[in-house]
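Beneath this line is the structure, given in structure tokens, with notes to follow.
The values are calculated or read from the model by the stated rules, or taken from the named source; none is laboratory data. Keep in mind the model is a prediction, meaning the values are calculated, not measured. Heads up, the Cβs are rebuilt from the backbone with ideal geometry, glycines too, and the neighbour counts pull from every protein chain shown. To get the accessible areas, we keep the full protein, side chains included, count just its heavy atoms, and leave off ligands, DNA and RNA. Shrake-Rupley method; radii C 1.70, N 1.55, O 1.52, S 1.80 Å.
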Amino acid sequence: MGVTGAPGPVMDRDEVDRALARLGAEHEAIETSLLALQDHAGRRLLEGARLTGVTERRWGAAEAQITLLWAYFDAYTDALRAAREIRSRRRWSSREDLVELTELLRGESVTVAGSATATVNAPALVGTGKLSQSFSLAALVDTMNELYASSLDMVVAADAVWSALPARIDLLAAELQRTRQLAHSVGVRPGEHPAGDDLERITATLTRLREEVVSDPLAYWVPTQGSSAPGGGRPDTTVYDREARALEEVRREIDAVLTVRQDAEQRLVRLRDVLSRADRTLAEARTARGEVLAKIAATEVPVVSGPPTVLQEQLATAAEYRRHAQWHRLSPLLESLEQKAEDELLRARESLTAVTAPLAVRAELRGRLDAYKAKVARHGLAEDPFLIERYDAARRMLWSAPCDLRVAEQAVLRYQRAAAELLAAPRVPEQGGPEDHRGER
């Protein structure tokens, strides 16, 4: 170690003692940190793992930094030991001792030598083209802190990913296996049902994800922006979360298939009942159409179509699926059939309503005619010859078959108008009798 003169004023004994105490405390702290890094579970895992990608490159750099860290620490230890030996020579250090201690404690008195492999990734030596460099003790502490923080950041990040993702992937894989077994039991298989294909894809993705996480954990690490703390960040769970959601969707699909298996017979019975009611309604509409054509003339009566055979065929297919426990095929077929059956029943009811509309019109005209007759009777005009004639004409048309609704409606309207005119006309009193002043104001 060459002495080129004390850097600045020579330290006195108190300054030397305080500096040695501070450096001793820093030495203990650095040694504790290095030993903790040496025993860190993440570092041991990194040493024994088959690494790839980003992690392989960064671990190679971190190993070189850790090697250099120990070399720096050994040099720091030797320099501190030498300073303590000089200080311990005498109780009252001489001028020469203080000059030497000042140079040792404040000057660039520590020279660290190493190979290119050990120094290739060291911040203090990158770009210098040297295999050794001189430091002051303070600068050496700063350099060791930088190397330690960089190495610890890499180790903590890899350990965090390994601690979080593989265990979660294993739990999801176990759930996936249970779901696959359940899916197989209800006939949800690859190539036969979309959920079976999804299970195959999720299985392949999780297998690949676990292999990548184990060999290259840093590829699944998201650093926290602006954080200077070692290991600042979080594991990237994007792929895991996506597959977990996909598995949940498949699980719901299989639950739907299980529900079908449990209540398939009841749903088939309800389907048969709905289709049977639709058939009966259509039969009633066809019968009613014949009655309308016989009783009502000069009107359009819609044709009633027969029941669709395709629904009966699909119902038979659904029953066949149930007999052969093909629940994955039965589930979507039942859902489709239930909607179609309700639509068919609605169509049948609409057909019946459309066919019987003329009968409803005739019934309304009959009711209106009788209502006006009762009103006329309450006003003492039931025996009016003109009204009787109009009433009888309308009644013959409404109670004859076939009934022409348009002509009958006109007859009812004529009777209504005649009744309205008579009810509105003033009464003429009979001769010799008292005058009727009702209605006069």
- [ ] Describe numerically, in nm with one decimal, the distance between label points set 7 Å from Cα along Cα→Cβ at Asp404 and at Ala256.
- [x] 5.9 nm
Task: the stretch 238-243 - phi-based ³J(HN,Hα) in whole Hz, Karplus 6.51/-1.76/1.60, Gly and Pro as x - done: 4, 5, 4, 4, 4, 6
Open item on the list: If I take R0 = 30 Å and measure r between the Cβ atoms of Ala82 and Ala149 in this structure, what FRET efficiency does the formula 1/(1 + (r/R0)^6) give, to the nearest 0.05?
Closed with: 0.65
Open item on the list: If DNA, RNA and ligands are ignored and the probe is 1.4 Å, what is the ranking of His40, His193 by accessible area, most exposed first?
Closed with: His40, His193
Task: Per residue, in Å², the accessible surface of the chain once ligands and nucleic acids are set aside, probe 1.4 Å - done: 56 Å²
Task: Accessible area of the chain belonging to carbon and sulfur atoms, whole % at 1.4 Å probe - done: 51 percent
Task: Residue-wise HN-Hα coupling along the stretch 10-21, computed from phi with Karplus coefficients 6.51, -1.76, 1.60 (Hz; x: Gly, Pro) - done: 6, 6, 8, 4, 5, 5, 5, 4, 5, 5, 5, 5
Task: Distant-in-sequence amide H partners of Thr111 (H built 1.01 Å from N, under 5 Å) - done: Phe135
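Of the peptides 178-189, 23-34, how do they stack up when ordered by the mean number of other Cβ atoms within 10 Å, highest first? It would help to have the intermediate numbers written out before the result.
On the way: 178-189: 17.2, 23-34: 14.7.
Put in order of decreasing packing, that is 178-189, 23-34.
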TODO: With θ set to phi - 60°, apply the Karplus curve 6.51 cos²θ - 1.76 cosθ + 1.60 along the stretch 55-63 and write out the HN-Hα couplings as whole Hz, x wherever there is a Gly or Pro.
DONE: 5, 4, 5, 6, 5, x, 5, 5, 4
- [ ] Return a whole-number percent for the relative contact order of the stretch 151-255, with Cα pairs under 8 Å and 6 or more residues apart as the contact set.
- [x] 41 percent
Open item on the list: Contact order normalised by length for the chain, with contacts defined as Cα pairs under 8 Å and 6 or more residues apart; what percent is it?
Closed with: 13 percent
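Give the Kirkwood hydrodynamic radius (Å, one decimal) of the chain, defined as one over the mean of 1/r across all pairs of different Cα atoms. Don't jump to the answer; show the numbers that get you there.
Working: mean 1/r = 0.0303 Å⁻¹.
Roughly 33.1 Å, rounded to one decimal.
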- [ ] Give the long-range amide H neighbours of Met11: residues separated by 5 or more places, or on another chain, with amide H under 5 Å away, using H modelled in the peptide plane at 1.01 Å from N.
- [x] Thr102
- [ ] Would you grab the residues whose amide H sits under 5 Å from the one on Ile296? Only those 5+ places off in sequence or on another chain, please, with H modelled 1.01 Å from N.
- [x] Cys403
Open item on the list: Between Leu423 and Val361, what's the calculated FRET efficiency when r is the beta-carbon distance and R0 is 25 Å? Round to 0.05.
Closed with: 0.45
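May I ask for the net charge around Ala394, where only other residues with Cβ less than 11 Å from the Cβ of Ala394 are counted and Lys, Arg are +1 while Asp, Glu are -1? Spell out each step's value before the answer.
Values: positive: Arg366, Arg368, Lys373, Arg390, Arg395, Arg396, Arg414; negative: Asp370, Glu389, Asp392, Glu409.
Net charge in that neighbourhood comes out at +3.
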